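Beneath this line is the structure, given in structure tokens, with notes to follow.
No lab work stands behind these numbers, since they all come straight from the coordinates. For clarity, every value in this text was computed on a predicted model and none was experimentally measured. FYI the Cβ positions are ideal-geometry reconstructions off the backbone, even for glycines, and counts take in every protein chain you see.
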Amino acid sequence: MPFPPPSADKKILEEGAAFTPKFDAHGLIVCVTVEAATGEILMLAYMNALALEKTLETGVAHYWSRSRNELWRKGDTSGQVQKVVEIRADCDQDALLLRVEAGGDGKACHTGRKSCFYRKIEATPEGVSLRTI
């Protein structure tokens, strides 16, 4: 399922019904994944066209691993399969939002935490640091 290129017409791109995801120069699109029931941000990942196609075809979240340079289905090794409830595209179609039901124990992060966003940035007179929350 090849995706058509984004329209150069801003009105069509932003208000039209055609889904024309805008992949970056590396063939990737950013994807924020949230828990459908709570809206809690679980993770940020990237998809290439194949990952997006597999996600749409199967209803299970697939991503592109930039570090491993390979396609991965969330949960294949961790058991944290993400069943897609809804996919949204932002206004200019260069970012996606996945609302999912997280399987397993619901921990999306490879560190064993529910969310990959488990540290808060704190600025002090001594500098900037991270605090686990």
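Using a 4.7 Å Cβ-Cβ cutoff, the cysteines of the chain lacking any partner cysteine are C31, C91. Computed from the Cβ-Cβ distance with R0 of 41 Å, the FRET efficiency linking A8 to I133 stands at 0.40. With K and R counted +1 and D and E -1, the other residues having a Cβ less than 12 Å from that of V34 yield a net charge of -1. Computed from backbone phi with θ = phi - 60° and the Karplus coefficients 6.51, -1.76 and 1.60, the 3J(HN,Hα) list for the stretch 16-25 is x, 8, 6, 8, 10, x, 9, 7, 7, 4 Hz; x is used for glycine and proline.
Distance from the alpha carbon centroid of the stretch 107-133 to that of the stretch 1-16 works out to 37 angstrom. For a straight C-alpha distance cut-off of 21 angstrom, the lysines reachable from K22 (same-chain residues fewer than eight places away being disregarded) are K10, K11, K54. Normalised by residue number, the volume inside the convex hull of the Cα atoms of the chain is 153 Å³ per residue. Computed over the chain, relative contact order equals 21 percent, with contacts defined as Cα pairs under 8 Å that lie 6+ residues apart. Sites counted here are chymotrypsin sites (Phe, Trp or Tyr not before Pro) in a DSSP loop (not H, G, I, E or B) having no more than 15 other Cβ atoms within 10 Å; the longest part of the chain that contains none of them is 20-116. What is the extension gain from S67 to I121, computed as 0.36 nm multiplied by their sequence separation minus the C-alpha to C-alpha distance, in nm to one decimal? In short, 17.0 nm is gained.
With a cut-off of 17 Å, note down the residues of the stretch 1-26 whose backbone N falls inside the zone around a label point 7 Å from the Cα of A89 toward its beta carbon. Under cut-off, by backbone N: 1-25.
A straight Cα-to-Cα reach below 29 Å connects K120 with the lysines K74, K83, K107, residues fewer than 8 places away in its own chain not being considered. Of the residues T20, L56, P5, the one whose Cα sits farthest toward the positive end of the charge dipole of the chain, with +1 on the Cβ of Lys and Arg and -1 on the Cβ of Asp and Glu, is L56.
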